[in-house]
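Novice: To start, I am sharing the structure in question, which I have written as structure tokens.
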Amino acid sequence: AGGKALVVPTDLARAEARERLVAEAAAAGPVEVLVHNAAVTFFEPVATFDLRRAQLMVEVQVLAALHLAQLVLPAMQERRRGWICLVSSLAARHPAMPPPERARRGGGTVYGMVKAALERLATGLAAEVYDQRIAVNAVAPARVVPTPGTRFHGLVRPGDPTQELEGPEVMAEAVAALVTADPRQLTGRVVLSTELLAELGRTPLPLAGTGA
């Protein structure tokens, strides 16, 4: 499409690395959009969850998003223009009671906890910067996206015709919609990818190399 990409390998668990990431990006041009889609995830019941792993999950999935937003906000506020999008998960939703078998087995509580915190960050920050024309939203896939991470954790069931998956192009289109819309019209939302696209009447385009 004639654009350019700058790749900055970054360990988002380290504050100084996050600062370097934003500095290098800003040196290449104004940072108008921040999309936080980083995650490190472990699945085990709360009773046996290693606190060091929990701290790492909070650092990468919550504190990194908070810190990156702090780093990009001053320039956005000066220009009175910007978009921040945080990628969440259906795991942020509270389990029903009595809980289904999967919830009783445990494993996803800490993951759901950090994603719920991410959604609260999105809505709270959206309220704080609304008058500065900066949009902040959170979006989650409506179904499992077959990524290396979901495959590693066994969330994708190869050969299971009953499992409904979501192609990566759906989330890509949903994020694109959130970071191009009028900040006064589309902000402070916690949405599912497919529901947002249906609301906006947008159809995702296949991504190169995804097999879509």
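Novice: Look through region 1-22, keep the residues that are assigned to a helix (DSSP H, G or I) and open to solvent by 60 Å² or more (accessible area, probe 1.4 Å), and return whichever of them is farthest from residue 56 (Cα to Cα).
Specialist: Among them, the one singled out is 20.
Novice: Which numbered condition in (1) open to solvent by less than 80 Å² (accessible area, probe 1.4 Å); (2) in a helix (DSSP H, G or I); (3) modelled with pLDDT of 95 or more; (4) of a type in the set (Gly, Ala, Ser) is the only one that residue 27 fails?
Specialist: Just one mismatch for residue 27, condition (1).
Novice: While we're on this one: Taking the residues in region 57-98 that are in contact with a Phe, Trp or Tyr (Cβ under 8 Å, 6 or more places away or on another chain) and in a helix (DSSP H, G or I) as candidates, determine which candidate is most open to solvent (accessible area, probe 1.4 Å).
Specialist: The extreme case among them is 91.
Novice: Can you list the helices (runs of 4 or more DSSP H) found entirely within region 99-212 that contain at least 3 residues being open to solvent by less than 80 Å² (accessible area, probe 1.4 Å) and farther than 20 Å from residue 43 by Cα?
Specialist: 109-129, 168-178, 193-200
The values are calculated or read from the model by the stated rules, or taken from the named source; none is laboratory data. For clarity, every value in this text was computed on a predicted model and none was experimentally measured. Because the Cβ atoms are built from the backbone with ideal geometry, glycine has one as well, and the counts that use them run over all protein chains shown. The accessibility values were calculated without ligands, DNA or RNA, using every heavy atom of the protein model including side chains. Shrake-Rupley method; radii C 1.70, N 1.55, O 1.52, S 1.80 Å.
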